[in-house]
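Notes follow once the structure below has been shown.
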Amino acid sequence: MTESADIPIIAPQPPSYAHPYDAGADLMAAEAVTLEPGERALVGTGVSLALPDGFAAFVVPRSGLAAKHGITIVNSPGTIDAGYRGEVKVILLNTDRHESYSVAVGDRIAQMIIMPVTQARFVPVEVLPESARGASGFGSTGYQARQTGAES
């Protein structure tokens, strides 16, 4: 069973979940915009909400827009803090090199995931405790090239 939270909202078209138990609720454009290749635009959704303390919303791209049209979100995930009361806007980016993309009012442009969050207490120390990974960074878990069928 999933938990739910009542979220006060002002919106011409409230976000909605496409399927039961989906994590992301679809956000729709409240304004029309055309994105030329490589162009980005701040697109309003008309949604303002009041998240309860201890919650945040995260705005993420829609996989279908990304796969079919190269439309993504510049600052993904965009974070909406509990204290914010302004309009939720989405910074869309057209990554397609050749085709423009038009967004119409009412188009689903992003998804919003509402989650409980923990606010950390940062405790200064002189040395961090050891771990199996240690200070190894990007690529530290290894990379194995795919076999191409040719023998080496």
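Taking the highest mean first, how do the peptides 82-95, 113-126 order by number of other beta carbon atoms within 10 angstrom per residue?
82-95, 113-126
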Using only Cα atoms, figure out Rg for the stretch 1-67 and give it as a multiple of 2.2 N^0.38 Å. 1.29
Can you give the calculated 222 nm mean residue ellipticity of the chain, where each DSSP H run of n ≥ 4 adds -39,500 (n - 2.57) and the sum is split over every residue, rounded to the nearest 500 deg cm²/dmol? -1000 deg cm²/dmol
By the mean-Cβ-within-10 Å protection proxy, highest first, 46-52, 6-12 rank as 46-52, 6-12
So for the pair Phe55, Ala32, with labels modelled 7 Å out along Cα→Cβ, what separation do we get in nm? 3.4 nm
So what does log10 I(q)/I(0) come out to for the chain at q = 0.12, 0.13, 0.20 Å⁻¹, using the Debye formula with one equal point on every Cα and no solvent? -0.69, -0.77, -1.17
Which residue, chosen from Val125, Ile7, Leu51, occupies the Cα position most advanced towards the positive end of the dipole of the chain, where the dipole is computed from +1 (Lys, Arg) and -1 (Asp, Glu) charges on Cβ about the Cα centre? Val125
Please get the size of the charge dipole for the stretch 23-116, origin at its Cα centre, with Cβ charges of +1 on Lys and Arg and -1 on Asp and Glu, quoted in debye to the nearest 20. 120 debye
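Bear in mind these aren't lab numbers, they're just calculated from the coordinates by the rules spelled out. Remember, predicted model here, so these are calculated numbers, not experimental data. Note: ideal-geometry Cβ built from the backbone for every residue, glycine included; neighbour counts use all protein chains shown.
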